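Working notes, beginning with the structure itself.
The values are calculated or read from the model by the stated rules, or taken from the named source; none is laboratory data. Nothing here was measured: the structure is a model prediction, and the numbers come from that model. A quick note on method: Cβ atoms are made from the backbone with ideal geometry, for glycine too, and the neighbour counts reach across all protein chains shown.
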């Protein structure tokens, strides 16, 4: 019900399909109450009717779902969601409807569903857990659901920096930001609500003799005028991390009709030199019987609806509390013209502060009204009084919002006077607390404390605080409370409204010896789920303390962890949807390859063509076979630019390479290329590749595509850390050069058409390299081969890559050859027994590869000593061999294991494993590379080839890894 | 005779204007990385200065002359952008003219765009004109230099040009959408 003189409700929205109107800017919760909707949700486990309990971010009950389809947004707090034109909100966790929810049967059998029931109940039979019990329980219990479709909503991430981060824009936060801002500090003021002012917006307090709103407006205007202050409303700081880093969630589009171009949320990482936590405090409920009915609202919430939003949450409101806020609430209600049914103050000596019925020393011991409160029973020492009311405001006192101070493992301190935990100083380095979150509950105290803290911080940071901040005159009412945690009586006394945990559950946990507060939390689920126990933690541990006979400080709190409010994974991972997951690297020939319909395969971040299909070809195998034949018989062209290329220069370049490679490069002649093997410090193979000598002090190393980054990092490490005395520089030139393999018997003929250099066998022998002109452009030519054929790699500056690739492939096609992709490249190298990272998988030594002779004993190199350790060489090692299928109709598979023919194919009998396989059109058979125990001595043996995953069980013959042209004659032709 | 055709890294991708901002390719005719050998820094810097009027930059700085911009790109290394340097004896000199996609982001909101992608403080008081940083943009290694109050130069690996443009465009759209 709206109070008189409130703005006109002009915004149309629906709740559960029912059209309603709202005042612009108000929350969904406020709008629902204004429209007389009290029952808005069903509870997590027992499906009890629930209403709106708070007016803030801590709301445990009023969770709704916004939107439909793929972009559905579940578990939205109605107290945070602002209304907008066309808002489509609906209740969740109820079927078939909110009012008649079938699952409410759970509530009737609740005595069997207490804490830990499923730990005890669904023990047997074991198989039923996964197939029956768990699905049934999950169906019955829960909050909102996701669509299970790909969410295309836009989210974003951002980084912020400041001198002082002020967390919370209530009176303390405003004062802190003003003080720090005036001192000249770079300030970010992050505030969860849409409007600054905090609790003051909900109170009828005066500042400097005028309504507090005037002071808020003036202060906000002053802050907005400062270029060094950034105000971020709708922004919740969700976590405190190392070195002054804070996470924050900004609601960017939540309060507006959905727009495709506007992010819904922005996830901020804010780095601050200092932070001031001014997060305020959260009011706590009291555990009395059936304290969860719709219409039972925290007193602070009632004041917010009445004073801030102009909405009466009921027509006859009773107030129940243990502190003066109960009276403040009653006075405000009366001032707004709302009937106060009674004020029940558990303190015996309480005095009425207005014209209302006060029951001092009373407690609410029963409530009634299933879908909405209709009355309460109040018990005093002498009598039970029935009071008719449709709203009950409750105040059990205040808990400082100190969560962030605990994010780095700090523990709060119990304050007996406040009956609350307060922050422990310096729990988060660089963060101080001021105002209600520090246990200072009066406005005047908040303002003073915040100004002093901010001034101190500004001075610490080197800013000059010219004048002492002026503290405006404000409310100084002391906070007077007599703790009241629990009211005895018949019925469940709810502690955690979001997880349906009541007092008996906590007692049961203690009875089952889950007496540690952390164990109690896990046993009962108290404090879990979206609200993380914001309104229940302290009450629950007070009850636990009581039943275990310990004090509250002895009992302690559970650990407050980030995030402070739920953060969508989509916000944290913003920008990473679909292909945004990682950068995409494209070669210069990418467009040309796509133009030839080549399917792309990922190699690290690179995209490389698998094969180039031609008309009439229906399988990749056909294309691959044809491309292999190009290279073996004519000429093929392949983009190899993705291989790492590293410029190594300097007077000590040769010494440096001798140190990182197992073999010697100082002896390499100018204009020559050598194959090199690189070990890790532990003696296993890191990478391989060819390195060319372009000058006395100038080499160009190539690495595999997969290990390019790793090798670059390794070289920098060696240069800077292991051998800082060497005068050498390394620079990646991978991106500078577009490089193409031109391979096949007619490769020389093809290349003669694009370079004027003499590339005859005599002038440019195998492993020769050097600068050449490529159609007038300075390029490089390397006579190296990864196919075993006469082959070259030709490089031009990348700007010409696209053009050269098109030219080379066109020429090759004219000669009867063409482009070849990764599949053919793989076949060609397997036929020749050349390794890739399928073979050098990190567990392999030079000995295993049959390359022990490449580890020079004449010099030291990284990994040499460690490679000599026992166990890294000898017949017990799995050594690289070739395998070929014996029967023609079986496909081999990488990942298969090798067994003795008679052995059972189980793990302990494995003699080796297969790393690469292919169909070789050249040899007309299935072949592969494998690592076989004592393999080199077993050439010619027949073994069992078993791949349990793919259902392959066949025989293969062990052969030498080089299956084609073992003498290597073709490459020198 | 057949001629090879040049293609810049962002060919077909840029320029783009979104909101009040523009993203355009700014390909230098030549880019050369230089890394002085041990004990050669002064001599190399002097040689650069006599040729171009600016020497070797200190870390996180970029130096501008009428012929070149020399930008620090990492430990003991800098990139000469604009013209190829003269023969330098005391340094490793590597042609990088084709290795980098170089773009300029300019306009009101450019700082906000980069704040969505780059984890270092690029706000003006901290990061003035001719300040430079080797950092991340999204998941990419980049070099970012402030040119003036509202213009940044961003260098990324050539092969990542498409991702670079995509990331920046998306952030520009996000910033523009906020109005």
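Are there helices (runs of 4 or more DSSP H) fully within segment A:793-872 with at least 2 residues that are within 14 Å of another protein chain (Cβ to nearest Cβ) and touching a helix residue (DSSP H, G or I) at 6+ places or on another chain (Cβ under 7 Å)? List them.
On the way: elements: A:801-814, A:822-831, A:864-867.
Fully inside segment A:793-872 and qualifying: A:801-814.
Can you tell me which of A:735, A:716 is in contact with a strand residue (DSSP E or B) (Cβ under 8 Å, 6 or more places away or on another chain), buried (at least 21 other Cβ atoms within 10 Å of the Cβ) and within 12 Å of chain B (Cβ to nearest Cβ)?
A:735
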Exactly one of A:239, A:253 is within 37 Å of the chain's Cα centre (by Cα) and away from chain B (no Cβ under 14 Å), and that residue is A:239
Could you list, ordered by first residue, the pairs with Cβ atoms under 8 Å in which the first is in segment A:117-141 and at pLDDT 75 or above and the second is assigned to a helix (DSSP H, G or I), at least 6 apart or interchain? A:133/A:118
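Per-residue answers, yes or no, for (1) buried (at least 20 other Cβ atoms within 10 Å of the Cβ); (2) assigned by TED's automatic domain parsing to the domain that holds residue A:57; (3) touching a strand residue (DSSP E or B) at 6+ places or on another chain (Cβ under 9 Å); (4) in a helix (DSSP H, G or I):
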{"residue": "A:247", "(1), (2), (3), (4)": "yes, no, yes, no"}
{"residue": "A:260", "(1), (2), (3), (4)": "no, no, no, no"}
{"residue": "A:293", "(1), (2), (3), (4)": "yes, no, yes, no"}
{"residue": "A:305", "(1), (2), (3), (4)": "yes, no, yes, yes"}
{"residue": "A:313", "(1), (2), (3), (4)": "yes, no, yes, no"}
{"residue": "A:318", "(1), (2), (3), (4)": "yes, no, yes, no"}
{"residue": "A:330", "(1), (2), (3), (4)": "yes, no, yes, yes"}
{"residue": "A:334", "(1), (2), (3), (4)": "no, no, yes, yes"}
Would you call residue A:25 within 12 Å of residue A:91 (Cβ to Cβ) and touching a residue at least 60 places away in the same chain (Cβ under 8 Å)? no
Does any residue in segment A:142-154 that is within 14 Å of chain B (Cβ to nearest Cβ) come within less than 8 Å, Cβ to Cβ, of a residue that is modelled with pLDDT of 85 or more and loosely packed, with under 12 Cβ neighbours inside 10 Å six or more places away or on a different chain, and which pairs are these? A:154/A:260; A:154/A:261
Output for segment B:129-161, where each listed residue is at the interface with chain A (Cβ under 9 Å from one of its Cβ atoms) and either within 17 Å of residue B:99 (Cα to Cα) or surrounded by fewer than 18 Cβ atoms within 10 Å (Cβ to Cβ) (or both): B:139, B:140, B:156, B:157, B:158, B:159, B:160, B:161
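Any chance you could count how many residues in segment A:482-491 are crowded, with 21+ Cβ neighbours inside 10 Å and in contact with a helix residue (DSSP H, G or I) (Cβ under 9 Å, 6 or more places away or on another chain)? Working first, answer last.
First, the residues of segment A:482-491 that are crowded, with 21+ Cβ neighbours inside 10 Å: A:484-485.
This time we only want the ones that are in contact with a helix residue (DSSP H, G or I) (Cβ under 9 Å, 6 or more places away or on another chain), so: A:485.
Qualifying residue count, segment A:482-491: 1.
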Note on segment A:573-591: residues modelled with pLDDT of 95 or more and assigned to a helix (DSSP H, G or I) are A:590, A:591
Is there a residue being more than 14 Å from chain A (Cβ to nearest Cβ), over 13 Å from the mean Cα position of the chain (by Cα) and free of Cβ contacts under 8 Å to residues at least 40 places away in the same chain anywhere in segment B:107-128? yes
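Against the definition (away from every other protein chain (no Cβ under 14 Å), out of contact with any strand residue (DSSP E or B) (no Cβ under 9 Å at 6 or more places or on another chain) and either buried (at least 18 other Cβ atoms within 10 Å of the Cβ) or closer than 30 Å to residue A:818 by Cβ (or both)), how does residue A:559 come out, yes or no?
On the way: away from every other protein chain (no Cβ under 14 Å): yes; out of contact with any strand residue (DSSP E or B) (no Cβ under 9 Å at 6 or more places or on another chain): yes; either buried (at least 18 other Cβ atoms within 10 Å of the Cβ) or closer than 30 Å to residue A:818 by Cβ (or both): no.
Taking the combined requirement at face value, the residue does not satisfy it.
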Condition set over 18 Å from residue B:73 (Cα atoms) and in contact with a helix residue (DSSP H, G or I) (Cβ under 6 Å, 6 or more places away or on another chain), scope segment B:17-54, selection farthest from the other protein chains (Cβ to nearest Cβ): answer is B:23
Unmet requirement for residue A:162, which otherwise passes all of (1) crowded, with 24+ Cβ neighbours inside 10 Å; (2) away from chain B (no Cβ under 13 Å); (3) out of contact with any helix residue (DSSP H, G or I) (no Cβ under 9 Å at 6 or more places or on another chain): (2)
Filtering segment A:750-779 down to residues that are in contact (Cβ under 8 Å) with a residue 60 or more places away in the chain and in a strand (DSSP E or B), which residue is nearest to the other protein chains (Cβ to nearest Cβ)? A:771
Odd one out for residue A:685 among (1) under 18 Å from residue A:834 (Cα atoms); (2) buried (at least 23 other Cβ atoms within 10 Å of the Cβ); (3) touching a helix residue (DSSP H, G or I) at 6+ places or on another chain (Cβ under 8 Å): (3)
For residue A:930, state whether it is at pLDDT 95 or above and surrounded by fewer than 17 Cβ atoms within 10 Å (Cβ to Cβ). no
Filtered residues of segment B:162-174 (kept if within 9 Å of chain A (Cβ to nearest Cβ) and either touching a residue at least 40 places away in the same chain (Cβ under 8 Å) or surrounded by 21 or more Cβ atoms within 10 Å (Cβ to Cβ) (or both)): B:162, B:163, B:164, B:167, B:170, B:171, B:173, B:174
